[in-house]
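K.L.:
First the structure, which I've put down as structure tokens, then a few questions once you've had a look.
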Amino acid sequence: MSESPFNAGTLPADDITTDAEQRRHRLFATADQLRLAGRGMEALHVLAAEIATSHGGERHRAHLIGRLAQIVTLEQPTIALAGLREALNLRLDAGSRGTLLALVATVAARTGHPDTDALLRDAGTAHAASGDQASARHLTLGRAARSLAHGDLPGAQAVLAALDPDSWAARADAPSIRAERIVVQLGLGRHQDARAATRQVPSLTGLTALDCLRMIAVGELPEAAALAVTTLSSGPADLSTEVRALLVAVIGEVRYRRGEHDDARAILRTCLTEERWPDRTLWTLAFCVAVRDPTLSAPAGLLTTVVADLHRSVRSLLPVPHFGPRLVRAAVATGDVQAARRVTELVELVSTRTPVPLWHALADQSRGLRDGDPDALRSAVDQLRTTAARPALADALLDLANSPRVRSGEARDAAHEAAALYARIGAPGDQAIADRRCADLAATGRHRPSLDETRSWGIDALTPAEERVAEMIAAGATKKEAARSLFVSFHTVDTQLRSIYHKLGIHNRMQLVRAWERTRR
């Protein structure tokens, strides 16, 4: 039986035509067939081989590189990296080599690969030698991906500002540019801007998935679930693994918040078999959803996996930031002190690099959960009220209501407000949890203040974390120096210092020095 062009992964010699456009269409069809058949590396090789040998001119080469880059974004990281590295062994012109190196660096940056910085340097050197526009574009995307992996949203925003997705030269890369910009907008809490950007090109499934994440972040849960189910069930057959993973995460999240735990488990179990890094990083957001369910997370060790992968790259956490405190909550519930500490440090790191109210609030919430500090939880609630992140606010209110160091009246008020907010966003399952907390607080009757509650003033009222800050500030350290020494954000130290002043009934540093000296006599 003779081998067909599809099976061979290339075009037979007698099919070669001098017409570059016809040949390009045939190449694209072959590459698409290979990819849909699960032979992504061969698809990349077909295009790379044509780039290496083609004499069809600069326009032909630009089209080929654009299609190769699109296939890279659709494939799993291991296949994309292996295919690109194999392509780099071909005889490529300087511009094509620079572009492929930049593509390798971008995939590495998105997954938190340890060689990312070295790969970006190599790509930068190659681009400097060629000055190619395509390599410049992909090098910019790689640098933006690195910033996102480190939680530096303003840095990524500044880098991406240099790219114009509406230009003719960038039209093949426009979906990637738009998607990266939307991730930045979601991470910064600019949900209206993200909504406008996703509706600008509604036919792109990648942007549809990001719009679903926006809805999850602002509390449009019924709408998010409906759009995700429709896209997953009736979308194109060639949905990328990343898009599929995001849609699964959205559906699972909404079902849990509705109280439909069995349905949530049924869809999330489909992703728990992914064990290899870096491919499993595509499923990190779905893992963050599954972590709230001990039935799924405990046997699979999901929390450990998620924490490890987020420390490689925090990118997955950026579109739905309130999943950060959720991980801390899960760690505290299971007694995993190390995981609680590592996730809190990660959220605080992002809040330092991205100084916006949303991340400051989540850093306080994470610290409040880790340390059992009600003042930090109160600060988180106050700041979340200034954002559009209604699910995050409801979760923080319930955390405050569950804190054992909060007076029963305040806890009841927080639980009632959380329940009402859950009802408004379409989360009856979470509303039932908040209602049960209200009932438990009401059943306790008249609450006798605990030892912690009676110490609401004076040095004894300080939490251990506040004591460490007070000691350093009283010794002459600045807030920046205290934050650096304690490995927390400047905002965290500032919040703790305000709480210290309130508890001690003082107003400035000199009064703190005197109060601290009196306790040490």
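The values are calculated or read from the model by the stated rules, or taken from the named source; none is laboratory data. None of the values given here were measured: they were computed from a predicted structure. Note that each Cβ is placed from the backbone with ideal geometry, even for glycine, and that neighbours are counted across all protein chains shown. Surface areas here come from the heavy atoms of the whole protein model, side chains and all, with no ligands, DNA or RNA. Shrake-Rupley method; radii C 1.70, N 1.55, O 1.52, S 1.80 Å.
K.L.:
For segment 467-521, give me every one of the helices (runs of 4 or more DSSP H) that falls completely inside it and has 2 or more residues that are closer than 22 Å to Leu362 by Cα and open to solvent by 30 Å² or more (accessible area, probe 1.4 Å).
P.N.:
Correct list: 479-486, 490-504.
K.L.:
Select from segment 355-379 the residues that are within 16 Å of Leu497 (Cβ to Cβ), out of contact with any helix residue (DSSP H, G or I) (no Cβ under 6 Å at 6 or more places or on another chain) and open to solvent by less than 30 Å² (accessible area, probe 1.4 Å) and list them in ascending order.
P.N.:
Result: Asp373, single match.
K.L.:
Turning to a different aspect of this structure: With respect to Arg257, determine if the residue is in contact (Cβ under 8 Å) with a residue 12 or more places away in the chain, more than 20 Å from Asp211 (Cα to Cα) and buried (at least 17 other Cβ atoms within 10 Å of the Cβ).
P.N.:
Here the answer is no, as Arg257 does not meet what is asked.
K.L.:
Among the residues of segment 309-335, how many are hydroxyl-bearing (Ser, Thr, Tyr) and touching a residue at least 60 places away in the same chain (Cβ under 8 Å)?
P.N.:
Going through segment 309-335 one residue at a time, the tally reaches 1.
K.L.:
Please work out if His55 is out of contact with any Phe, Trp or Tyr (no Cβ under 6 Å at 6 or more places or on another chain), modelled with pLDDT under 90 and open to solvent by less than 40 Å² (accessible area, probe 1.4 Å).
P.N.:
No, not satisfied.
K.L.:
Can we say Ser96 is farther than 19 Å from Asp238 by Cβ, open to solvent by less than 70 Å² (accessible area, probe 1.4 Å), out of contact with any Asp or Glu (no Cβ under 7 Å at 6 or more places or on another chain) and at pLDDT below 90?
P.N.:
No, not satisfied.
K.L.:
Across segment 11-29, what is the number of residues that are at pLDDT 90 or above and in contact with a helix residue (DSSP H, G or I) (Cβ under 6 Å, 6 or more places away or on another chain)?
P.N.:
The qualifying residues number 2.
K.L.:
Please specify each residue of segment 72-93 satisfying the condition of being among the hydrophobic types (A, V, I, L, M, F, W, C) and more than 15 Å from Glu50 (Cα to Cα).
P.N.:
Once the filter is applied, which keeps residues that are among the hydrophobic types (A, V, I, L, M, F, W, C) and more than 15 Å from Glu50 (Cα to Cα), segment 72-93 yields Val72, Leu74, Ile79, Ala80, Leu81, Ala82.
K.L.:
Taking only segment 112-138 into account, find how many residues are surrounded by 24 or more Cβ atoms within 10 Å (Cβ to Cβ) and of a type outside the set (A, V, I, L, M, F, W, C).
P.N.:
So the count comes out to 6.
K.L.:
Determine the pairs where a residue that is free of Cβ contacts under 8 Å to residues at least 24 places away in the same chain and over 22 Å from Ile251 (Cα atoms), located within segment 414-427, has a partner that is of a type outside the set (Gly, Ala, Ser) and surrounded by fewer than 21 Cβ atoms within 10 Å (Cβ to Cβ) with Cβ atoms under 6 Å apart, the partner being 6 or more residues away or on another chain.
P.N.:
His416/Cys438
K.L.:
Any residue in segment 357-379 that is in contact with a Lys or Arg (Cβ under 9 Å, 6 or more places away or on another chain) and outside any helix (DSSP H, G or I)?
P.N.:
Yes, the conditions are met somewhere in segment 357-379.
K.L.:
If you don't mind, there's one more thing I want to ask. Hey, can you tell me all the residues within segment 380-391 that are open to solvent by less than 10 Å² (accessible area, probe 1.4 Å) and assigned to a helix (DSSP H, G or I)?
P.N.:
Ala380, Val381, Leu384, Pro391, listed by residue number.
K.L.:
Could you tell me which of the residues Ala105, Ala128 is part of a helix (DSSP H, G or I), among the small types (Gly, Ala, Ser) and more than 22 Å from the chain's Cα centre (by Cα)?
P.N.:
Sole residue among the options that is part of a helix (DSSP H, G or I), among the small types (Gly, Ala, Ser) and more than 22 Å from the chain's Cα centre (by Cα): Ala128.
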